[in-house]
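The values are calculated or read from the model by the stated rules, or taken from the named source; none is laboratory data. From a predicted model like this one, the values you see are computed outputs, not experimental measurements. Here the Cβ is made from the backbone with ideal geometry for all residues, glycine too, and neighbour counts use every protein chain on show. The area values use the complete protein model at the heavy-atom level, side chains included, leaving out ligands, DNA and RNA. Shrake-Rupley method; radii C 1.70, N 1.55, O 1.52, S 1.80 Å.
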Amino acid sequence: MTVVVATPSNYVGRLAPSPTGYLHLGHARTFWLAAERARLAGGRLLMRIDDLDFDRSKPVFTEAALEDLAWLGLKWETPVITQSERVDYYRSVLAKLHAAGLIFPCEHSRRDVREAAGAPHEDDDEPIYPRAFRPPADAPLPPLSNVITTNWRFRVPDGETLTFADGHAGVQSAVAGTDFGDFLVWRKDNLPSYQLACVADDIAMGITEVVRGADLIRSTFRQLLLFRALGRTAPAFWHCDLLRDEQGRRLAKRHDSLSLRAMRDQGVTVADILSKFAATS
Ligand code: GLU
């Protein structure tokens, strides 16, 4: 008799909704793909709520996201990890970057940076930080104050080409200092940037593969630098294509009619949605 013993998989994936609105079909498809990758690998799937944008995040959207994803049949492990409860941990990660001299304080406003940087990259959140604003590498680093009221940025290794093999999008490369610049790690409202919090959590959660939308590919290069700075191996990445509307625009939270709840209210079934996802993946 042959006994088949399941080999335990070391795959750990995560779903990371930002609770700044109701989930739409595009988010749902990304999360479904992430859940499918974890399921097919026989791995674990964790849930993280990216609620560090205090102005736009609302508990009602967190509840709605969990409810909508459960309605869709997705299953994840508990407890749910909530970024707003983990600021002390992120601060300890910032202290490591500071001790290694890899970051610098930046007094320039977002507007100064945007104006000096010229045209922003399409689809990107951060303009390239102007070299003229950057303090010399040997300038003494001020200590981190208890309550941080200045932006802190990561000094990128100018001219270094970073490359990773994306599981879905193929080989990706970007040049530090040209394709993206010194990026925010801590904000003057005393909260971590998305890049720092995301990497800190992907390390703490033991994530082996990050599945998310292709709009975050440029962020991945920044995150690779953070993993390296923290002495960690980066996870694998799988960036999926974004759903577009009939005009070719990326689906956004403004497409209210395509929110999962609106669709459910209109009588669209889970089977309808999943068959659409299966057809576009
Ligand atoms: N919370 C982010 C979003 O909803 C995803 C971040 C990530 O997967 O790294 O766009």
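Taking amide H as placed 1.01 Å from N in the peptide plane, Thr178 has its amide H under 5 Å from the amide H of Gly159, each at least 5 places away in sequence or on another chain. The alpha carbon centroids of the stretch 44-112 and the stretch 138-161 are separated by 21 Å.
Given the options Pro127, Pro105, Pro79, which has the most mean-square fluctuation in a GNM of the chain, springs set between C-alpha atoms less than 10 angstrom apart? Judging by the Gaussian network model, the answer is Pro79. Taking amide hydrogens as placed 1.01 Å from N in the peptide plane, the amide H of Trp186 sits under 5 Å from those of Trp152, Ser193, each at least 5 positions away in sequence or on another chain.
Close lysine pairs were tallied over the chain: pairs 8 or more places apart or on different chains with Cα atoms under 25 Å apart number 7. Amide H contacts under 5 Å for Leu15: Leu46, Met47, Arg48, restricted to partners 5 or more places along the chain or on a different chain, H placed in the peptide plane at 1.01 Å from N. Note on Glu63 and Ala236: with the Förster distance fixed at 35 Å, the Cβ-Cβ geometry gives a FRET efficiency of about 0.70.
Along the axis of the charge dipole computed for the chain (Cβ charges of +1 for Lys and Arg, -1 for Asp and Glu, origin at the Cα centre), the listed residues Gln266, Thr233, Ala278 are led at the positive end by Thr233.
Accessible area per residue (1.4 Å probe, heavy atoms of protein chains only) ranks Met205, Met47 as Met205, Met47, with the largest value leading.
Of the whole protein surface, Arg56 contributes about 130 Å² of accessible area at a 1.4 Å probe radius. Bridges between two residues of the chain, per DSSP, are antiparallel at a rate of about 55%. On full extension, the segment bounded by Ser84 and Asp179 gains 31.2 nm, given 0.36 nm per residue less the C-alpha separation.
What the phi angles of the stretch 46-56 give under the Karplus curve with 6.51, -1.76 and 1.60, with θ = phi - 60°, is a coupling list of 9, 10, 10, 9, 8, 10, 7, 8, 5, 6, 9 Hz, glycine and proline written as x.
Report, in degrees rounded to the nearest 10, the 0 to 90 angle that the Cα long axis of helix 25-40 makes with the longest principal axis of the chain. That works out to roughly 80 degrees. Couplings for the stretch 233-238, taken from phi via the Karplus curve 6.51 cos²θ - 1.76 cosθ + 1.60 with θ = phi - 60°, read 7, 6, x, 6, 10, 9 Hz in order; Gly and Pro are left as x. Gain on full extension, evaluated as 0.36 nm per residue between Glu107 and Thr163 minus their Cα-Cα distance, stands at 17.1 nm.
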